[in-house]
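Student: I'd like to ask some things about the structure below.
The values are calculated or read from the model by the stated rules, or taken from the named source; none is laboratory data. Keep in mind that this is a model prediction, so the values were computed, not measured. Here the Cβ positions follow ideal geometry from the backbone for every residue, glycine too, while neighbour counts run over all protein chains shown.
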Amino acid sequence: MVISSAHRDVISRARGAFIGLAVGDALGAPVEFMTRGEIKDKYGVLKEMVGGGWLRLKPGQVTDDTEMSLCLARAAVKEGAWSLQAAANHLAGWLKSKPVDVGDTCRRGIRNYMLRGVLETPPNEWDGGNGAVMRTLPVALCTVGSDLLLERITLEQAHLTHNHPYSDAASISLGRLLHLALTGRSMLQLRREADQFIATHPSFTFDPYKGLATGYVVDTMQTVFHCFFRSRSFEGCIVDTVNQGGDADTTGAIAGALAGAYYGEEAIPSRWKKKLPRELVVEISALAEQLVCMSPLLQGMTGDERQP
């Protein structure tokens, strides 16, 4: 494939998105479940990867947000195309490895696949958590250039564990925002996309911001929107996000993916990247490039012509 300068920019932004996800996860994880006040009392403003927290992490250690995204990315790259079965198999292997953390809804969905081969969990009004949206990035990367493909694959991967209207809506919305950011669109264009989403799903209204950053997907996305749209840098966005507390590893991961795609990989502070395990940065950089090179945009095809 001949790579144009425009496509090289998309590839670079893809790397920025995946590294940004890991950075936001690792920065926020030590303050997961803390309140804004507790974070302020302990750290002032948390700006460094300190480790610790309820999971007793090493500085720079990532959690299930990054690890589940890696599962989807590895599956698609290994298959050379999107495969729900392969994604489920990778998630099952991950769960068997006894990860440092896994949400109850994700655990239940993956176990249902392991035990009964279930690839789509039934609709459940209590499954409005953020476990599906937090792993949307790999799908967004391999579907750049096709909104229809994004929607189909997003719902497939989401329904492995979460089958809830708010989870579905948030995952698709994040994917569309990532597509805009990956292709170098302006902050105004991204805000218009978010406003259109909220016009259809007013529960996600974030202005005024309610100050909730829980694992409920509405609270999660309100926090990400609030911090992303008022920030002017990658670092500013992620620091603002994780210092809201709550489900800080997941809000940090989602904001990191979006800000990484928008501001680019060069905008990610080197001091944060250096804290991540080197082998992790190498792998996610390679996976990000391989995924986006599978996309309709870089293949020069429409979503109807190609099925990643």
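Student: Name the one entry in 128, 93 that is among the small types (Gly, Ala, Ser) and closer than 16 Å to residue 69 by Cβ.
Tutor: Unique residue meeting the criteria: 93.
Student: Let me confirm something: among 276, 297, which residue is at pLDDT below 95 and more than 21 Å from residue 42 (Cβ to Cβ)?
Tutor: One residue alone meets the criteria, 297.
Student: Select, from 161, 154, the only residue that is touching a Cys at 6+ places or on another chain (Cβ under 7 Å) and not aliphatic (A, V, I, L, M).
Tutor: Result of the check over 161, 154: 161.
Student: Now for a different question. Of the residues 167, 203, 186, 173, which single one is of a type outside the set (A, V, I, L, M, F, W, C) and free of Cβ contacts under 8 Å to residues at least 12 places away in the same chain?
Tutor: 186
Student: Conditions first: (1) over 30 Å from residue 92 (Cβ atoms); (2) touching an Asp or Glu at 6+ places or on another chain (Cβ under 8 Å); (3) at pLDDT below 95. Residue 13 passes all but one, so which condition is the exception?
Tutor: Evaluating residue 13 over (1) over 30 Å from residue 92 (Cβ atoms); (2) touching an Asp or Glu at 6+ places or on another chain (Cβ under 8 Å); (3) at pLDDT below 95 leaves (3) as the failure.
Student: May I ask you to list the residues in the stretch 128-155 that are surrounded by fewer than 24 Cβ atoms within 10 Å (Cβ to Cβ) and closer than 30 Å to residue 53 by Cα?
Tutor: 128
Student: Looking at (1) crowded, with 22+ Cβ neighbours inside 10 Å; (2) free of Cβ contacts under 8 Å to residues at least 40 places away in the same chain; (3) over 29 Å from residue 183 (Cα atoms); (4) among the hydrophobic types (A, V, I, L, M, F, W, C), can you tell me which one residue 75 breaks?
Tutor: The number of the failed condition is (3).
Student: Looking at this structure, is residue 100 buried (at least 16 other Cβ atoms within 10 Å of the Cβ) and β-branched (Val, Ile, Thr)?
Tutor: no
For every residue, the table says whether it meets (1) at pLDDT below 95; (2) surrounded by 24 or more Cβ atoms within 10 Å (Cβ to Cβ); (3) within 22 Å of residue 141 (Cα to Cα).
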residue	(1), (2), (3)
178	no, yes, yes
191	no, no, yes
199	no, no, no
261	no, yes, yes
265	no, no, yes
